[in-house]
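The values are calculated or read from the model by the stated rules, or taken from the named source; none is laboratory data. All figures in this text were calculated on a predicted structure; none of them were measured in a lab. All Cβ positions, glycine included, derive from the backbone under ideal geometry; neighbour counts span all protein chains shown. These area figures cover heavy atoms from the full protein model, side chains too; ligands, DNA and RNA do not enter into them. Shrake-Rupley method; radii C 1.70, N 1.55, O 1.52, S 1.80 Å.
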There are 6 protein chains.
Amino acid sequence: MARIDGRRNDQLRDCKITTNFLHHAAGSAVIEHGKTRVLCAVSAVAGVPRWMKEQKVPGGWVTGEYQMLPASTSGRTSRDINRGRLNGRAQEIQRLIGRCMRAAVDLAKLDGYTLYIDCDVLDADGGTRCASINGAWVALNLAVNRLLAERKIAKNPICESIAAISVGIVDGTPMTDLCYHEDAAADVDMNVVMTGGGEFIELQGTAESGSFSRKQMLDLTALAESGITDILALQRDSLAG
Amino acid sequence: MARIDGRRNDQLRDCKITTNFLHHAAGSAVIEHGKTRVLCAVSAVAGVPRWMKEQKVPGGWVTGEYQMLPASTSGRTSRDINRGRLNGRAQEIQRLIGRCMRAAVDLAKLDGYTLYIDCDVLDADGGTRCASINGAWVALNLAVNRLLAERKIAKNPICESIAAISVGIVDGTPMTDLCYHEDAAADVDMNVVMTGGGEFIELQGTAESGSFSRKQMLDLTALAESGITDILALQRDSLAG
Amino acid sequence: MARIDGRRNDQLRDCKITTNFLHHAAGSAVIEHGKTRVLCAVSAVAGVPRWMKEQKVPGGWVTGEYQMLPASTSGRTSRDINRGRLNGRAQEIQRLIGRCMRAAVDLAKLDGYTLYIDCDVLDADGGTRCASINGAWVALNLAVNRLLAERKIAKNPICESIAAISVGIVDGTPMTDLCYHEDAAADVDMNVVMTGGGEFIELQGTAESGSFSRKQMLDLTALAESGITDILALQRDSLAG
Amino acid sequence: MARIDGRRNDQLRDCKITTNFLHHAAGSAVIEHGKTRVLCAVSAVAGVPRWMKEQKVPGGWVTGEYQMLPASTSGRTSRDINRGRLNGRAQEIQRLIGRCMRAAVDLAKLDGYTLYIDCDVLDADGGTRCASINGAWVALNLAVNRLLAERKIAKNPICESIAAISVGIVDGTPMTDLCYHEDAAADVDMNVVMTGGGEFIELQGTAESGSFSRKQMLDLTALAESGITDILALQRDSLAG
Amino acid sequence: MARIDGRRNDQLRDCKITTNFLHHAAGSAVIEHGKTRVLCAVSAVAGVPRWMKEQKVPGGWVTGEYQMLPASTSGRTSRDINRGRLNGRAQEIQRLIGRCMRAAVDLAKLDGYTLYIDCDVLDADGGTRCASINGAWVALNLAVNRLLAERKIAKNPICESIAAISVGIVDGTPMTDLCYHEDAAADVDMNVVMTGGGEFIELQGTAESGSFSRKQMLDLTALAESGITDILALQRDSLAG
Amino acid sequence: MARIDGRRNDQLRDCKITTNFLHHAAGSAVIEHGKTRVLCAVSAVAGVPRWMKEQKVPGGWVTGEYQMLPASTSGRTSRDINRGRLNGRAQEIQRLIGRCMRAAVDLAKLDGYTLYIDCDVLDADGGTRCASINGAWVALNLAVNRLLAERKIAKNPICESIAAISVGIVDGTPMTDLCYHEDAAADVDMNVVMTGGGEFIELQGTAESGSFSRKQMLDLTALAESGITDILALQRDSLAG
């Protein structure tokens, strides 16, 4: 079955990373996966969460926040602030972003700083959580480089490369990097986050309709591994550039 | 490495299901996995969410809510209502419960009713989200039976058996049905939801520390499959009783 | 006029108290008054409210929280958290619970601890605030015993037995321990809280329709005194058991 | 024992009622009990609460709201809006005001209108809830007169005179109409709401410290009856004036 | 074109200031501009905002709060607390009041105190924000006098007289001190705040419909200057009285 | 006195407008004034506010929303959603944006549509509210062109060109288009919004310290007129391009 945009089932959308998009952020990147575009920014703020202070945990902290700009979707998504609370999906995604970025960092080397990873979706066309993670990792590296250059931290705390991809089963066919229309039609949706060493950080598979077999699960993770390898290379290139 | 309570690594905690615990709920069950205990209640309310009305989607709806009672944890967990908003973890879990229960039901056969699945944790000792799903499925069956008996719905909408288990890697060893102390020490934590037919509904693996290999992922899912088979039998027994 | 369940007008519903229902709580009790059932749990948390610290008031504090589980009522009661604030009735009831439990305790002997009394209604069939107070007093004793055993506090701070009952006038007849249908039909509704010594802690009489005379007020308080004597005995038994 | 301001124990503070204080309100009154001063305003708004519409209850509705102006207390009381929710005490009081005013009105004769009773405390020196009720009843009469004159309602819905007084036991002595300092020192605090016919609408007695006997309860209600008789006369005078 | 109440276009409404309206406030004034009436109260609270403490800014602070009482308008305005947040207009106005009052005060001379300026609208008939500022300045002087008398502050911090007026263009005609009906019909609405020395503190002109020319802007500010001169005299008189 | 970046006092910062930045928005523009950068997006949503429906006002509506992205400032600005309510400054600014854009549009020609103007600050270096207005007007034109092309509206509703500039007095010198450091040091701050015809839409002058004379006010508005002329030309160019 042919994909909407003519891609092979194992083919990623065009992915582009623009680094240092913002003036003030310690590090920032705009990442595009096809028509999905996310602005990822890292700010370093002196201080750690209260529980760390109370429990005298040394080092620093990394946390994520995620929001979609209202005009990022056709049909406009109204701002959470107008309802007074974060929607459940955004909360779930920003918790994921925080966990993944903490997996990339040795917190003990961030002594005294909290790194805020802000992922704001400019354009949404599926896969915004994975795009956020991919861009966040680049922005995190840029921020860390700046903190090192400014001698705010002594050692590089980044201990892992991290990238993510969404894969899924549409009309019985496993495919990678789903766009919004594919995602909406998918029977199974899986978000995979892996390290540069090819191991899993997060694996979240959901049957939107019906269920999926062990075989399908293995096919999807294989697709994900392949896509993540490509994204890791793009991330490296963007930082080298 | 020996487990805290002397279990084998592939051994579930004692699991007990008490049905029809509540007077008013259409169906209810208290489920115990060791010292974890969750009250699962299903209420049938005439009416469907606004988006279904607006889009004229026929049938009914199933949704979940999850909360921990304050005294369910050592150290008391303060109520979300005192902060004015649901915490992120609870929101994530109740979204999961809702998805899983919808996977068990043919919504078209619930015409006009919303089934609320309320999971309130009485005692927390790890694995509350999986216990909630396991108890919720039993309560759902009881509620459906009542709705059929009261002729509120015409056909049985339940199309799948659903059960869940948490597995994880502690000190390098995969083990099943983690208690709180094991969960807190786990490097990898995985929640698996499967059908009676042995297929996946949800697969959520998270590396809390480090990462996990494909091999470990397969070991964990194998442990989960085995545990879920046992839980499915307990669920059936509780309904037959 | 005969009562729904055939009771005499001065007859309580069956009352049953199950102690130590929870694993983690310092003390807990499930209390049943007929089909009303409330889970009362007491947690001891080191620390006192800010105003005590600021005003350097020595000792500890006792406070109550009250919620109805959604499935405790026919028709499901939606959770306050979904509206972002506690409803007025719950707030009124939990303020009452806190006051009554503080009347039972010499706060000076709780040095440094706040006792949280959590009353969560499992099944609601009228009289949940009085049931909460009755169960809370039992749970409070259990908690205090544990704190003494663990040498967290030095002296027993409990200085009063406390019990409560709702009485009312239905179709012109004073009656005790109203169930939901009687409560809904009552012209006068009175909640009475008394000590083991037969004195009043709280007296809250409300004319739901019309007004009530001094004579009726005296009849109602006499009914209440009698019922409270019985409940005090049940509380003692549950603690002795 | 002598009272702060030299009053006899059964003597009310000076009470003064200024009618039609506001331009737009359907009826309004400023009531003073000594240094306590409350602005009571009644607005008539076409429409009834949703539950009345849904249950097709005919007639109208009466509801109360209560707030203290920040500068009404020494030490300034911050506005609830800055915390985003009504404090528990205010909620309890406004629920009481609403119940009392509904007891004064035949709702069936308010067809289609909701009367909002807004009680805003200008100066607080004890007894604000009773003052609110006393002023509200006057404002209610003024509002009803205007609605009748404007032919918005056909028949006078007011069916009862209502007045309230706080009494209490200070240093063992029952006394009436407590000012703030007496209220703060009281061992027992009782708010009594009665009709023109000398019957009870609400009776709320609370032991702030220790407990109170049946004899004390009777002494307090006798003091209250006497005070309420005087207040009812003042209310009538203010309306006749 | 004749004005509703027969005033000349450059004529203020009757303005009356009643000082020391409240018992507890450090200073208070009720100001009337025609049928608009605002209660302005100043409370002095020991302590300064957190940012001043953190940045070790010496001196004190002045801040404003503004609310309309529900019955101040025909049609009743519901309380913001029922929606859980301050409405945008009130927030804008109270920010303006705070800025203007800070312009009147040398904050360095308020060492350690925050002055809260509470402006609560009793009756609304247009121009409530300007009335609030005019009354607030009087209440501020009264509060400062009391603080000086009580030796809480050493030097008089008031460094400017401040008054405000609304002017506008209705049917092409510039006019001063608009009442509600004129304000609702105005094409241009301008609020002007000036010092006793005839200089501007705030100038806020808004075209509600169309736009306004430089010439019109100058006409409006000239009208405002004239009105403010009169109000400054009334303020002085009220303080001298 | 020389400006930080060497500009003449009447010289704008470099201003650049990038149109159609977003995929889904009906119209969008990123506007830069020096280091200030704002993303302005217009979404057209079928439907009008409730008050328009209730009052049967024909046509459509235009409204604005404004937020700063957290990383747009040095020091990171935390998201309002984490406090549960919009901050006062943002509310004030978005009300201004809405008013200005409504001044540009004949609402009667928007029948049935609400245009949401979302202004999200990417980088903040002073003047974000004026930049928002300038970019919003461009985005509004692009959106209208699309709505016309898609035949959703029949006639072009845009009736005015609108542009804005901030001017101020720093160290006694009037200057235009203040950057953040100039703004923070300014004694007087004025935001001016004008039409293509050289008339005022909004004029908001504030003395941050001291006051300003009529002469200074005229100098500032003259500077503003000149700057706005230039910006209007840039807006036209961006739409022609």
Of D:T19, D:T176, D:T206, the one that fluctuates the most in a GNM where chain D has Cα springs shorter than 10 Å: D:T206
How far, in whole Å, is the nearest Cβ of chain A from the axis relating it by rotation to chain E, and which residue carries it? A:G84, 4
Would you mind giving the mean number of other chain beta-carbons within 10 Å of the Cβ of each residue in E:196-204, as a whole number? 6
What order do B:D106, B:D111 take when sorted by accessible area (1.4 Å probe), most exposed first? B:D111, B:D106
At the level of C-alpha centres, the distance separating the range C:78-97 and the range B:1-71, in angstrom, is 23
Quick calc of log₁₀ I(q)/I(0), chain B, Debye, one scatterer on every Cα, no solvent, q values 0.08, 0.12 1/Å, result -0.30, -0.67
For the interface of chains E and D, what total accessible area is buried with a 1.4 Å probe, rounded to the nearest 100 Å²? 2900
How long are the semi-axes of the equivalent ellipsoid of the range C:127-241, taking √(5λ) for every eigenvalue λ of the Cα gyration tensor, in whole Å from largest down? 32, 13, 11
Test of understanding: in a Gaussian network model of chain F with alpha carbons linked when under 10 Å, which of F:Q204, F:Q91, F:Q67 would top the mean-square fluctuation ranking? F:Q204
Partner lysines for E:K215 [C-alpha distance under 29 Å; skip if fewer than 8 residues away on the same chain]: F:K215
quick note, the protein assembly as shown, DSSP beta bridge pairs, % antiparallel (nearest 5) is 85
To the nearest 500 deg cm²/dmol, what mean residue ellipticity at 222 nm is calculated for chain B from DSSP H runs of n ≥ 4 alone, each contributing -39,500 (n - 2.57), summed and divided by the residues? -10500 deg cm²/dmol
Computed over the protein assembly as shown, Kirkwood Rh from alpha-carbon pairs, angstrom: 35.3
Where a Cα-Cα gap under 15 Å defines reach, which aspartates and glutamates qualify for E:K53, not counting those fewer than 8 residues away within the same chain? E:D111
Which of A:I117, A:I231, A:I165 fluctuates most in a GNM of chain A (C-alpha springs under 10 Å)? That residue is A:I231
Rounded to the nearest 20 Debye, what is the dipole magnitude of the range D:15-240 about its Cα centre when Lys and Arg each give +1 and Asp and Glu each give -1 at the C-beta? 1040
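Tell me, what is the FRET efficiency for A:R83 and D:N20 to the nearest 0.05, using R0 = 30 angstrom and their Cβ-Cβ distance as r? Walk me through the intermediate numbers first.
Values: r = 41 Å, r/R0 = 1.37.
Taking R0 as 30 Å, the efficiency between A:R83 and D:N20 is 0.15.
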Positive-end extreme of charge dipole, the range C:15-240 - chosen from C:Y66, C:Q204, C:S238 (charges on Cβ): C:Y66
DSSP loop trypsin sites (Lys or Arg not before Pro) in the range C:71-104 with at most 14 other Cβ atoms within 10 Å of their Cβ, which ones? C:R83
Once D:K109, E:K53 are ranked on solvent-accessible area with the largest value leading and a 1.4 Å probe, the list reads E:K53, D:K109
Averaged per residue, what accessible area in Å² does the range C:1-112 show with a 1.4 Å probe, protein chains only? 44
Could you tell me, in Å, what Rg and Dmax come out for the Cα atoms of the range F:33-161? 15.5, 47
Note on the range C:1-152, DSSP bridge orientation, antiparallel percent to nearest 5 equals 75
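Within 10 Å of each Cβ in peptide D:84-93, how many partner chain Cβ atoms are there on average? Round it to a whole number, please.
Rounded to a whole number, the mean comes out at 6.
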Label 7 Å beyond Cα on the Cβ vector: A:D219 copy-to-copy distances, nm: 2.8, 7.6, 7.8, 7.8, 8.7
Could you tell me the accessible area of C:Y180 in Å² (1.4 Å probe, neighbours in place), rounded to the nearest ten? 120
Which of the pairs A:K35/B:K56; D:K16/D:K155; D:K56/D:K109 have their Cα atoms more than 20 Å apart in this structure? A:K35/B:K56; D:K16/D:K155
At a 1.4 Å probe radius, carbon and sulfur cover how many percent of the accessible area of the range B:76-214? 42
Quick check for you: with a 1.4 Å probe and neighbouring chains kept, what is the accessible area per residue of the range B:148-241, in Å²? 40
Of B:A104, B:L223, B:T195, which is farthest towards the positive pole of chain B's charge dipole, taken about the Cα centre with +1 and -1 on the beta-carbons of Lys, Arg and Asp, Glu respectively? B:A104
In nm, what does the list of distances from B:D106 to its counterparts in the other copies look like, shortest first, when each label sits 7 Å along Cα to Cβ? 5.8, 5.8, 5.8, 6.9, 8.5
Scanning chain B for helices, which whole DSSP H stretches are 15 Å or more long along the axis (Cα) and average 0.5 or more by Kyte-Doolittle? B:128-149
Where only C-alpha atoms are counted, convex hull volume of the range B:190-234 per residue in Å³: 66
Copies of E:C159 compared via label points 7 Å along Cα→Cβ give distances in nm, shortest first, of 4.6, 5.5, 5.5, 6.5, 7.5
From the C-alpha gyration tensor of the range C:120-185, pull out the three semi-axes of the equivalent ellipsoid (sqrt of 5λ each), sorted largest to smallest, in whole Å. 35, 13, 5
